[in-house]
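The values are calculated or read from the model by the stated rules, or taken from the named source; none is laboratory data. The model shown is predicted, which means the values in this text are computed figures rather than measured ones. Using ideal geometry, Cβ is built from the backbone for each residue, glycine included, and neighbour counts are taken over all protein chains shown. Heads up: the accessible areas ignore ligands, DNA and RNA and are worked out on the full protein's heavy atoms, side chains in. Shrake-Rupley method; radii C 1.70, N 1.55, O 1.52, S 1.80 Å.
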Amino acid sequence: MKLAFSTLGVPGLPLPEVTALAASHGYHGVELRAHPEEPVHTGLTAEQRADVAAAFKAAGLDILGVAGYARVAAPGDDEPVLTEVRALIDLARDIGAPYVRVFPGGGDEQSAEEADATAARRLGTAAEYAADRGVRILLETHDSHRTGADAMRVLGLVGHRQVGALWDVMHTWLGGEQPADTFAALSPHLGYVQVKDIASAEDKTPVALGAGVLPLTDVVEVLSRNGWDGWLCWEYEARWYEAAAPLPSLLGAGREHLARLLNESA
């Protein structure tokens, strides 16, 4: 498996510093948070996008994905959501990222069936656009669709190879789903896995990998046992927790922890 980290852990950090951190700590790639407060977002010009791609190529690193914030199950009209997803797909294509992350984002005013249908309709529409641009859309296990079983209700309706799943291990754990069950649900559609660790179910402050309560050992063991050889991406949510330790000081030990789990599960 290859290792990456998300720029959510280093909010606003200039790209030269991001690539230097990844290269110096032995990571193979980076997931780029796509937001106006970040160096990479959908408002970049064609020249700026080419510069992003060139910077990662020069550093010998992959751009794993574009982490967007489109909510495909959210109530309301389809077109604003589809416009946002298409913009993320174009950004991913232009900078050489294979994946775009989207959230479910279903609302309390919907039934589960309505949220599933809305998400599936929008993802099915966006799938052909993504296919034409060589990008895959990944629905993250998150918010209204926290578990692998939740995500599969949507993906089963979509039935398109350009739409898959992103497994966020915190949300499936909070949803009470065992790693083996999550993998069984998502494996036909799995793009990559976001690993992290937190203090507790009540205190989601990010901590060093292995220092919290999430079942990372079980997750890596399940992936290894089933021969999955994709990406593990450390999503350290520093942007939302100002008291969290700085990610750069944890990157080396985090890579070593993941490497140890991989070796032990081999």
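Worth a mention:
- Verdict on Val72 being in contact (Cβ under 8 Å) with a residue 60 or more places away in the chain and open to solvent by less than 10 Å² (accessible area, probe 1.4 Å): yes
- Close contacts from segment 108-121, counting a first residue that is among the acidic types (Asp, Glu) and a second that is crowded, with 16+ Cβ neighbours inside 10 Å, with Cβ to Cβ under 6 Å and a gap of 6+ residues or different chains, come to Asp116/Arg153; Asp116/Val154.
- Filter result for the condition that a residue is open to solvent by 30 Å² or more (accessible area, probe 1.4 Å) and within 15 Å of Arg136 (Cα to Cα), over Asp78, Asp51, Asp94: Asp94
- Any hit, segment 185-198, residues being open to solvent by 30 Å² or more (accessible area, probe 1.4 Å) and among the acidic types (Asp, Glu): no
- Residue in segment 209-238 that is surrounded by the most Cβ atoms within 10 Å (Cβ to Cβ), counting only those that are in a helix (DSSP H, G or I) and touching a Ser or Thr at 6+ places or on another chain (Cβ under 9 Å): Val220
- Filter pass, Ala151 being aliphatic (A, V, I, L, M), open to solvent by less than 10 Å² (accessible area, probe 1.4 Å) and at pLDDT 95 or above: yes
- In segment 184-220, the residue that is nearest to Leu250 (Cα to Cα) out of those that are more than 20 Å from the chain's Cα centre (by Cα) and among the acidic types (Asp, Glu) is Asp203.
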